[in-house]
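*Asks:* Encoded as C-alpha cells, here's the structure I'll be asking about.
The values are calculated or read from the model by the stated rules, or taken from the named source; none is laboratory data. Please read all numbers here as calculations on a predicted model, not as lab measurements. Note that each Cβ is placed from the backbone with ideal geometry, even for glycine, and that neighbours are counted across all protein chains shown.
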Amino acid sequence: MILDMAIGDAFGACFEFADKKTIDDYLQNHKYLRYMQHPRHKDITPGNYTDDAQMASVVAEVMLSGKFTKQRLADEWVKRFKHDERKGYSRGFYAFLQTCNNGSDLLSKIENRSSKSGAAMRAPPIGLYMDKNAVKQKARIQGEITHSGSGVEAAVASALMVYYFYHMKGQKSGLKKFIAKEVNPLYNRSWHGKANSQGWECVSAAIQAVVDNNNIPDLLKQCISYGGDTDTVAAIAMAAASVCPEYRTQHNKYGKGWNKRLPRNLYNGLEPEKTRNFGREYLKSLDQRLFSKF
C-alpha cells in the first residue's frame, strides 16, 4: 500500500497544478507511463515521492509502534523531515517544519485550521484497522494536528476508502454511498474537473477514479487528467486500489513478494535505496510489516 501510494505520489507530482496542455499532451503521446520532469518544479527529481507518501509512511510506522497519539505522530513527522527533507510540501508548511526541533514544537506552534488535503493524504494506512470506529477516531487524531472541519472529515473519508476494500465491505460500485453515509453526503456525487487543494475535492476525485477504472495505468491517467493537486489524488486512489479485490484479482506477480501489476516503468523508476534514504526497498519492507500486523 505505501509503495503504491509513493508511486501515485511521485507520478502525480510530475503534473501537480501543471497546465492542461502539458497533461493532455502527455496522455495523448505516451502509451506507457513514465515519470516526467515537472515543467516548473525543477527541484523535484522525476521518480521521487513527496510529502504525501512521506507523511503516510510515518503514520504507518506509528501504527506499528502501537502508540497512536498526537505527540508520537508529531515527534515522528518532525524526525523524518529532519532525516529526509523532501520537496513537495507547501511553502508555508515546509518553512514551518524547518523551525520545529521536535513534535512539541510542532504542536505548540501549529495553527490547526486548514481544510486542505494534507490530513487526507496521510490517512490511508489507518484504514487497515479492523474496527471502523477506530479508523474514524485515529483519522481524526492525526488530522486534528494540522486541520479542522472539512479537512479532518476528508481524512476520515480517505482512511475509510481503504477500510471499505481491505475489510471487504462491498464492491467499487458501493464505495460512494458508503463514504457518504459514514462521513458526508457530498461524497456520493460524481466528480468532474480540476481537483484543487481542498481535502474534500482530492478525496472525491480519488473516489471517482477508483470507481471508474479496474487497472492501475488507467487509474493513474484519470488522476492526472483532473489537473490540480494530482499527486495527492493519485496517492489516495492508489492506496485504495492496492487493497481493492476488483483491481487485485487482475494483477500478476511483479517483484518479490508482491501480487500486483504496477506499471513497470513507474516501479523501476521509483527512487532506489542507493539514491535516497527511505526509498523503494524501505517502502516494500514497511508494507510487509504493516500487512503482517494488520
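*Asks:* Kindly indicate whether Leu106 is in a helix (DSSP H, G or I), at pLDDT 95 or above, surrounded by 20 or more Cβ atoms within 10 Å (Cβ to Cβ) and over 20 Å from the mean Cα position of the chain (by Cα).
*Replies:* On the way: in a helix (DSSP H, G or I): yes; at pLDDT 95 or above: yes; surrounded by 20 or more Cβ atoms within 10 Å (Cβ to Cβ): yes; over 20 Å from the mean Cα position of the chain (by Cα): yes.
Against the criterion (in a helix (DSSP H, G or I), at pLDDT 95 or above, surrounded by 20 or more Cβ atoms within 10 Å (Cβ to Cβ) and over 20 Å from the mean Cα position of the chain (by Cα)), Leu106 qualifies.
*Asks:* Quick one: how many residues across segment 34-44 are aliphatic (A, V, I, L, M) and modelled with pLDDT under 95? Even if it seems obvious, please write down each step before you answer.
*Replies:* Pass one, segment 34-44, residues aliphatic (A, V, I, L, M): 36, 44.
Restricting the remaining residues to those that are modelled with pLDDT under 95 gives 44.
Residues flagged as aliphatic (A, V, I, L, M) and modelled with pLDDT under 95 within segment 34-44 amount to 1.
*Asks:* Return the residues of segment 23-50 that are touching a His at 6+ places or on another chain (Cβ under 9 Å) and either more than 11 Å from Leu266 (Cα to Cα) or among the polar types (S, T, N, Q) (or both); say none if nothing qualifies.
*Replies:* Ile44
*Asks:* Let me ask something additional. Those residues that are more than 16 Å from Ser173 (Cβ to Cβ) and without any contact (Cβ under 8 Å) to a residue 60 or more places away in the chain, I need them from segment 217-227; list them, please. Walk me through how you get there before you give the answer.
*Replies:* Here is the first cut: in segment 217-227, the ones more than 16 Å from Ser173 (Cβ to Cβ) are 217-218, 220-227.
Those that are more than 16 Å from Ser173 (Cβ to Cβ) and without any contact (Cβ under 8 Å) to a residue 60 or more places away in the chain: Asp218, Gln222, Tyr226.
*Asks:* Of a type in the set (S, T, N, Q), touching a helix residue (DSSP H, G or I) at 6+ places or on another chain (Cβ under 8 Å) and at pLDDT 95 or above, is that true of Thr22? Steps first, answer last, please.
*Replies:* Values: of a type in the set (S, T, N, Q): yes; touching a helix residue (DSSP H, G or I) at 6+ places or on another chain (Cβ under 8 Å): no; at pLDDT 95 or above: yes.
Considered against the rule, which asks whether it is of a type in the set (S, T, N, Q), touching a helix residue (DSSP H, G or I) at 6+ places or on another chain (Cβ under 8 Å) and at pLDDT 95 or above, Thr22 comes out as no.
*Asks:* Separate question: Has segment 45-65 got any residue that is modelled with pLDDT of 95 or more, more than 30 Å from Asn215 (Cα to Cα) and either aromatic (Phe, Trp, Tyr) or surrounded by fewer than 16 Cβ atoms within 10 Å (Cβ to Cβ) (or both)?
*Replies:* Yes, the conditions are met somewhere in segment 45-65.
*Asks:* Okay, next question. If I ask for residues that are aromatic (Phe, Trp, Tyr), surrounded by 24 or more Cβ atoms within 10 Å (Cβ to Cβ) and in a helix (DSSP H, G or I), which ones from segment 1-44 would you list? Step through it out loud before you land on a result.
*Replies:* Applying the first criterion (aromatic (Phe, Trp, Tyr)) to segment 1-44 yields 11, 15, 17, 26, 32, 35.
Keeping just the survivors that are surrounded by 24 or more Cβ atoms within 10 Å (Cβ to Cβ) gives 11, 15.
Phe11, the sole residue that qualifies.
*Asks:* Please go through (1) under 25 Å from Gly88 (Cα atoms); (2) free of Cβ contacts under 8 Å to residues at least 40 places away in the same chain for Met161 and return the number of the only condition it doesn't satisfy.
*Replies:* Unmet for Met161, out of (1) under 25 Å from Gly88 (Cα atoms); (2) free of Cβ contacts under 8 Å to residues at least 40 places away in the same chain: (2).
*Asks:* Quick check on Gly88: is it in a helix (DSSP H, G or I), under 20 Å from Ile44 (Cα atoms) and at pLDDT below 95? Before the answer, list the steps.
*Replies:* Details: in a helix (DSSP H, G or I): no; under 20 Å from Ile44 (Cα atoms): yes; at pLDDT below 95: yes.
For Gly88, the condition - in a helix (DSSP H, G or I), under 20 Å from Ile44 (Cα atoms) and at pLDDT below 95 - is not met.
*Asks:* Of the conditions (1) under 22 Å from Gly199 (Cα atoms); (2) over 16 Å from the mean Cα position of the chain (by Cα); (3) in a helix (DSSP H, G or I); (4) in contact (Cβ under 8 Å) with a residue 24 or more places away in the chain, Phe96 fails just one. Which one is it?
*Replies:* Just one mismatch for Phe96, condition (4).
*Asks:* A further question follows. Can you say whether Tyr282 is modelled with pLDDT of 90 or more and either in a helix (DSSP H, G or I) or within 26 Å of Phe81 (Cα to Cα) (or both), as far as the supplied structure shows? Quick ask: steps written out before the conclusion?
*Replies:* Working: modelled with pLDDT of 90 or more: yes; either in a helix (DSSP H, G or I) or within 26 Å of Phe81 (Cα to Cα) (or both): yes.
Against the criterion (modelled with pLDDT of 90 or more and either in a helix (DSSP H, G or I) or within 26 Å of Phe81 (Cα to Cα) (or both)), Tyr282 qualifies.
*Asks:* Could you give me the residue pairs with C-beta distances under 7 Å whose first residue belongs to segment 165-182 and is free of Cβ contacts under 8 Å to residues at least 24 places away in the same chain, whose second residue is assigned to a helix (DSSP H, G or I) wherever it lies, and which are 6+ apart or on separate chains?
*Replies:* From residues that are free of Cβ contacts under 8 Å to residues at least 24 places away in the same chain, the pairs are Lys169/Phe178; Gly170/Tyr164; Gly170/Phe178; Lys177/Asn188; Phe178/Tyr164; Ala180/Tyr187; Ala180/Asn188.
Listed here are the residues, each with its yes/no results for (1) at pLDDT 95 or above; (2) closer than 22 Å to Ala10 by Cβ; (3) in contact with a His (Cβ under 9 Å, 6 or more places away or on another chain).
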{"site": "His167", "(1), (2), (3)": "yes, no, no"}
{"site": "Ala180", "(1), (2), (3)": "yes, no, no"}
{"site": "Ala206", "(1), (2), (3)": "yes, yes, no"}
{"site": "Ala209", "(1), (2), (3)": "yes, yes, no"}
{"site": "Lys221", "(1), (2), (3)": "yes, yes, no"}
{"site": "Ala235", "(1), (2), (3)": "yes, yes, no"}
{"site": "Ala240", "(1), (2), (3)": "yes, yes, no"}
{"site": "Lys260", "(1), (2), (3)": "no, yes, yes"}
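*Asks:* Give the residues of segment 18-69 that are β-branched (Val, Ile, Thr) and touching a Ser or Thr at 6+ places or on another chain (Cβ under 6 Å), sorted by residue number. Spell out how you get there, then give the answer.
*Replies:* At the first step, the residues of segment 18-69 found to be β-branched (Val, Ile, Thr) are 22-23, 44-45, 50, 58-59, 62, 69.
None; the set is empty.
*Asks:* Filter segment 45-67 for residues that are closer than 24 Å to Ser292 by Cβ, within 19 Å of the chain's Cα centre (by Cα) and assigned to a loop (DSSP other than H, G, I, E, B) and give the result.
*Replies:* Matches in segment 45-67: Tyr49 only.
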